[in-house]
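Input: a single structure, listed below in structure tokens.
The values are calculated or read from the model by the stated rules, or taken from the named source; none is laboratory data. Note that the coordinates shown come from a computational prediction; the quantities given were computed from them, not determined experimentally. All Cβ positions, even for glycine, are placed from backbone atoms using ideal geometry, and neighbour counts span all protein chains on display. Keep in mind that these areas ignore ligands, DNA and RNA; they rest on the heavy atoms of the full protein, side chains included. Shrake-Rupley method; radii C 1.70, N 1.55, O 1.52, S 1.80 Å.
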Amino acid sequence: MNPSLSYRKAFQAILSRDLTIALRHRDDIVNPLLFFIIVITLFAIGVGAMPNVLMTIAPGVIWVAALLSTLLSLERLFKNDYQDGSLEQLLLSPCPVFILVLAKIFAHWLVTSVPLILLAPLLAMMMNLHPDGYWALFLTLLLGTPILSLLGAIGVALTVALKKGGVLLSLLILPLYIPVLILATAAVDAATMNSPYQGHLAIIAALFFASLITAPFAVGAALKVSTN
Amino acid sequence: MTFESFSEFLTMGKHGFYIWLSYGCTLVILLALGINSMRQPKVQLEKIRQRLKREQQLKAYQQKKAEGQNQQQTSTDSGEVV
Amino acid sequence: MWKWLHPYANPEVAYHFTGKLIPWFNIIAALLLVVGMFMGLAYSPADYQQGETVRIFYIHVPAAILSMGLYFSMAIAGFCALVWQLKLAHAAIAAIAPIGAAFTAIALITGAAWGKPMWGTWWIWDARLTSELILLFLYLGVIALGNAFDDKNQGAKAVSVLALVGVVNLPIIHYSVEWWNTLHQGATVTKFAAPSMAMSMYIPFVICFFGFAFLAGSLICKRFQGQVLARNSLRPWVKKMALAEEH
């Protein structure tokens with residue numbers, strides 16, 4: 001019998017643990033979503049609710065709101081575990097940090113970004129997005145939000161030991177989000193103009209896989225620094 | 001020399017303001033950075049010196065206190081004997 | 001080579017070595033900058049399209065190149081700090097970051113001052129200016145993260161990770177911004193109409209570039225000395241130096 005857990009089992013154990021914790025604190029899931037909706041409402045009110053103006057800014061506004069609400073929920077990723085010491089226990093376990101970190105990020109994406117993706121068409125309708133853009137918006141969010149979670153995890157891992165990490169986190173992470181924002185909004189724009197956007201999606205997918213492979217290593221290194 | 005006179009040099013065509021603005025800003029930033037950087041080792045040494053002084057004072061104070069306690073103790077001891 | 005490099009990993013030796021470098025760097029930087037600026041401002045010809053504004057080029061471009069180059073060198077120091085646990089690399093990162101940020105700011109300000117007569121507005125979302133702005137954010141993030149930690153060693157390691165992540169992302173950010181710019185701008189206003197630089201412009205540019213580079217080197221050495229002192233404040237040689245300066 002193998003004394004240590006297999007990688008798959010370790011992944012599943014952490015995933016189910018994080019999902020259980022998240023479902024017991026429903027506020028943490030609901031608040032970023034509310035924030036997402038409120039930011040978009042504010043944009044519509046601030047810019048003036050002219051349908052054609054809204055139509056042109058819709059992809060950008062929805063994506064910026066998604067980015068900010070991801071940022072808001074990111075802190076939860078490691079903070080509680082760091083405070084109660086279970087993060088150190090996880091790092092001490094024989095299982096590679098890569099697997100553990102990936103499981104935590106995946107759980108985070110499931111509870112924060114999936115509801116956001118499901119909610120996005122509704123907000124796109126409120127923002128008067130061109131009907132051709134819906135499918136592109138859905139696809140870019142599906143491929144892009146995991147990148148946000150993966151890159152954000154690096155920032156959270158670096159700032160988890162700090163008392164006032166919140167504002168610092170946004171300064172560290174938001175510049176790294178710029179390529180995703182550019183590509184995703186360009187893809188939705190292209191879709192509304194009925195031109196092909198597969199190329200944009202392909203680059204976003206490439207970024208997704210690149211960050212999937214490299215980000216967990218950086219997160220692991222950062223966590224080791226933070227827990228000292 | 002591309003310029004005939006000094007005043008022509010200052011006005012630089014009609015773009016003098018922008019050119020001198022950028023050169024001036026660069027100078028100000030580099031001067032501020034230079035002064036700040038040149039003072040760095042001195043500032044750090046000053047900090048270390050202050051810390052050493054504080055440590056010495058603390059040590060002297062503790063020693064004095066310990067000595068004072070010892071004296072008190074001996075005096076009370078002797079008082080008991082009497 | 002390791003045998004030759006080994007003594008320089010000693011903080012005391014490194015402190016005195018950089019101390020010896022600084023005056024030389026200062027002299028070279030002052031000479032090159034005076035000559036380069038004089039040539040750039042007075043001798044080089046005005047551009048046939050941009051007129052005299054082309055003289056901003058002699059600061060703008062060296063500052064932009066240095067801002068990128070310093071970020072890369074910071075990332076290399078970060079790599080050394082993480083892989084070989086070099087304490088001196090920590091000091092180097094902390095020394096380079098503010099200098100790099102200052103050069104980025106210079107590139108941005110001169111870029112704006114160049115843009116006003118050329119494009120009619122102070123700020124245009126030109127690809128190069130936008131990347132430079134994002135680079136400034138990256139630098140500020142590095143500085144802020146380093147300041148946020150009470151424990152300097154822990155902070156330095158965190159900054160090393162961040163610098164490496166940043167340097168991996170920098171090309172991606174740069175190319176995506178460039179592509180975004182062509183998408184939204186249509187025909188972009190390129191700063192250099194002529195594809196190749198004339199010799200009369202090239203020489204002052206090279207002289208100015210090396211002048212700024214040596215200036216950056218001297219400032220980095222000075223800040224590095226300060227960082228070395230702060231990080232080795234419990235060592236006897238530092239204490240001795242601190243007490244010796246009192247008189």
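Given the criterion more than 20 Å from A:LEU148 (Cβ to Cβ), of a type in the set (Val, Ile, Thr) and open to solvent by 60 Å² or more (accessible area, probe 1.4 Å), identify the matching residue among A:THR56, A:THR41. Break it down into steps so the answer makes sense when it comes.
On the way: A:THR41 fails: open to solvent by 60 Å² or more (accessible area, probe 1.4 Å).
Result of the check over A:THR56, A:THR41: A:THR56.
Just the residues that are of a type in the set (S, T, N, Q) and either over 16 Å from A:VAL188 (Cα atoms) or open to solvent by less than 20 Å² (accessible area, probe 1.4 Å) (or both), please, taken from the stretch A:94-139.
Taking the stretch A:94-139 as the starting set, the residues that turn out to be of a type in the set (S, T, N, Q) are A:112-113, A:128.
Selection gives A:THR112, A:SER113.
From the residues in the stretch C:97-125 that are modelled with pLDDT under 85 and open to solvent by less than 20 Å² (accessible area, probe 1.4 Å), which one is nearest to B:TYR23 (Cα to Cα)?
The first filter runs over the stretch C:97-125 and keeps only residues modelled with pLDDT under 85, leaving C:114-125.
If we keep only those that are open to solvent by less than 20 Å² (accessible area, probe 1.4 Å) as well, we get C:114-115.
Values: C:TRP114: 11, C:GLY115: 15 Å.
Result: C:TRP114.
Which residues, taken from the stretch C:214-230, are closer than 14 Å to C:ALA77 by Cβ, more than 7 Å from chain B (Cβ to nearest Cβ) and open to solvent by 20 Å² or more (accessible area, probe 1.4 Å)?
C:ILE220, C:PHE224, C:GLN227, listed by residue number.
What residue, of A:PHE43, A:PHE98, is out of contact with any Leu (no Cβ under 8 Å at 6 or more places or on another chain), under 30 Å from A:MET193 (Cβ atoms) and at pLDDT 85 or above?
Working: A:PHE98 fails: under 30 Å from A:MET193 (Cβ atoms).
Matching residue, one of A:PHE43, A:PHE98: A:PHE43.
List pairs: first in the stretch A:157-172 and within 8 Å of chain C (Cβ to nearest Cβ), second among the β-branched types (Val, Ile, Thr) and surrounded by 22 or more Cβ atoms within 10 Å (Cβ to Cβ), Cβ under 8 Å, 6+ apart or cross-chain?
Note: pairs meeting the criteria are A:LEU158/A:VAL225; A:LEU158/C:VAL161; A:GLY165/A:VAL156; A:GLY165/A:THR159; A:LEU168/A:THR159; A:LEU172/A:THR159.
Here is a check on your reading of the model: is A:LEU148 touching a helix residue (DSSP H, G or I) at 6+ places or on another chain (Cβ under 9 Å), open to solvent by less than 10 Å² (accessible area, probe 1.4 Å) and without any contact (Cβ under 8 Å) to a residue 60 or more places away in the chain? Reasoning before the result, please.
Values: touching a helix residue (DSSP H, G or I) at 6+ places or on another chain (Cβ under 9 Å): yes; open to solvent by less than 10 Å² (accessible area, probe 1.4 Å): yes; without any contact (Cβ under 8 Å) to a residue 60 or more places away in the chain: no.
Against the criterion (touching a helix residue (DSSP H, G or I) at 6+ places or on another chain (Cβ under 9 Å), open to solvent by less than 10 Å² (accessible area, probe 1.4 Å) and without any contact (Cβ under 8 Å) to a residue 60 or more places away in the chain), A:LEU148 does not qualify.
Is it the case that C:ILE134 is assigned to a helix (DSSP H, G or I), farther than 21 Å from A:LEU162 by Cβ and within 12 Å of chain B (Cβ to nearest Cβ)? Full working, then the answer.
Numbers: assigned to a helix (DSSP H, G or I): yes; farther than 21 Å from A:LEU162 by Cβ: yes; within 12 Å of chain B (Cβ to nearest Cβ): no.
No, not satisfied.
For the stretch B:31-53, how many residues meet the condition of being at pLDDT 90 or above, open to solvent by 70 Å² or more (accessible area, probe 1.4 Å) and over 14 Å from the mean Cα position of the chain (by Cα)?
Looking only at that region, the number is 1.
Condition first: of a type outside the set (D, E, K, R), open to solvent by 20 Å² or more (accessible area, probe 1.4 Å) and in a helix (DSSP H, G or I). Now tell me which residues in the stretch C:67-91 satisfy that.
Of all residues in the stretch C:67-91, those of a type outside the set (D, E, K, R) come to C:67-86, C:88-91.
From what is left, the residues that are open to solvent by 20 Å² or more (accessible area, probe 1.4 Å) are C:68-69, C:72-73, C:76, C:79-80, C:82-86, C:88.
Residues satisfying the conditions are C:MET68, C:GLY69, C:PHE72, C:SER73, C:ILE76, C:PHE79, C:CYS80, C:LEU82, C:VAL83, C:TRP84, C:LEU88.
Which residues, taken from the stretch C:96-131, are charged (D, E, K, R) and either at the interface with chain B (Cβ under 8 Å from one of its Cβ atoms) or part of a helix (DSSP H, G or I) (or both)?
Within the stretch C:96-131, the first condition is being charged (D, E, K, R), and the residues that meet it are C:116, C:126, C:128.
C:LYS116, C:ARG128 - these are the residues of the stretch C:96-131 that are charged (D, E, K, R) and either at the interface with chain B (Cβ under 8 Å from one of its Cβ atoms) or part of a helix (DSSP H, G or I) (or both).
Given the condition free of Cβ contacts under 8 Å to residues at least 24 places away in the same chain, of a type in the set (A, V, I, L, M, F, W, C), away from chain C (no Cβ under 11 Å) and farther than 30 Å from C:GLY111 by Cα, answer yes or no: does some residue in the stretch B:52-63 qualify?
Restricting attention to the stretch B:52-63, the residues satisfying the condition of being free of Cβ contacts under 8 Å to residues at least 24 places away in the same chain are B:52-63.
Imposing the further condition that a residue be of a type in the set (A, V, I, L, M, F, W, C) reduces the set to B:52, B:58, B:60.
With away from chain C (no Cβ under 11 Å) added as a condition, the list becomes B:58, B:60.
Still in the running and farther than 30 Å from C:GLY111 by Cα: B:58, B:60.
Scanning the stretch B:52-63, I find at least one residue that is free of Cβ contacts under 8 Å to residues at least 24 places away in the same chain, of a type in the set (A, V, I, L, M, F, W, C), away from chain C (no Cβ under 11 Å) and farther than 30 Å from C:GLY111 by Cα, so the answer is yes.
So which of A:LEU171, A:LEU142, A:LEU158 ends up being aliphatic (A, V, I, L, M) and crowded, with 22+ Cβ neighbours inside 10 Å?
Values: A:LEU171 fails: crowded, with 22+ Cβ neighbours inside 10 Å; A:LEU142 fails: crowded, with 22+ Cβ neighbours inside 10 Å.
Only one candidate passes the filter, namely A:LEU158.
Residue check: is A:SER226 more than 24 Å from A:ILE37 (Cβ to Cβ), open to solvent by less than 60 Å² (accessible area, probe 1.4 Å), of a type outside the set (A, V, I, L, M) and within 12 Å of another protein chain (Cβ to nearest Cβ)?
So A:SER226 passes the test.
Here is a check on your reading of the model: is A:LEU67 under 16 Å from A:LEU119 (Cβ atoms), surrounded by fewer than 16 Cβ atoms within 10 Å (Cβ to Cβ) and at pLDDT 90 or above?
Working: under 16 Å from A:LEU119 (Cβ atoms): yes; surrounded by fewer than 16 Cβ atoms within 10 Å (Cβ to Cβ): no; at pLDDT 90 or above: yes.
Spelling it out, it is not the case that A:LEU67 is under 16 Å from A:LEU119 (Cβ atoms), surrounded by fewer than 16 Cβ atoms within 10 Å (Cβ to Cβ) and at pLDDT 90 or above.
If a residue has to be within 13 Å of A:ALA161 (Cβ to Cβ) and more than 24 Å from the chain's Cα centre (by Cα) to count, how many in the stretch A:79-96 make the cut?
1
Among (1) within 14 Å of chain C (Cβ to nearest Cβ); (2) free of Cβ contacts under 8 Å to residues at least 24 places away in the same chain; (3) surrounded by fewer than 21 Cβ atoms within 10 Å (Cβ to Cβ); (4) touching a helix residue (DSSP H, G or I) at 6+ places or on another chain (Cβ under 7 Å), which single condition is A:ALA186 missing?
The single condition A:ALA186 does not satisfy is (3).
Condition test on C:PRO45, is it within 12 Å of another protein chain (Cβ to nearest Cβ) and buried (at least 19 other Cβ atoms within 10 Å of the Cβ)?
Working: within 12 Å of another protein chain (Cβ to nearest Cβ): yes; buried (at least 19 other Cβ atoms within 10 Å of the Cβ): no.
Spelling it out, it is not the case that C:PRO45 is within 12 Å of another protein chain (Cβ to nearest Cβ) and buried (at least 19 other Cβ atoms within 10 Å of the Cβ).
Looking for whichever is in contact with a helix residue (DSSP H, G or I) (Cβ under 9 Å, 6 or more places away or on another chain) and farther than 21 Å from C:PRO62 by Cβ here; the options are C:LEU138, C:LEU145, C:LEU133, C:LEU170. Which one fits? Before you say what the answer is, go through the steps one by one.
Working: C:LEU138 fails: farther than 21 Å from C:PRO62 by Cβ; C:LEU133 fails: farther than 21 Å from C:PRO62 by Cβ; C:LEU170 fails: farther than 21 Å from C:PRO62 by Cβ.
Unique residue meeting the criteria: C:LEU145.
Do we have any residue at all in the stretch A:204-220 that's part of a helix (DSSP H, G or I) and modelled with pLDDT under 90? Talk me through it step by step, then tell me what you get.
Just the residues of the stretch A:204-220 that are part of a helix (DSSP H, G or I), to begin with: A:204-220.
Narrowing the set further to residues that are modelled with pLDDT under 90 leaves none.
No, the stretch A:204-220 has no match at all.
Does the stretch A:76-93 contain at least one residue that is open to solvent by 40 Å² or more (accessible area, probe 1.4 Å) and modelled with pLDDT of 90 or more?
no
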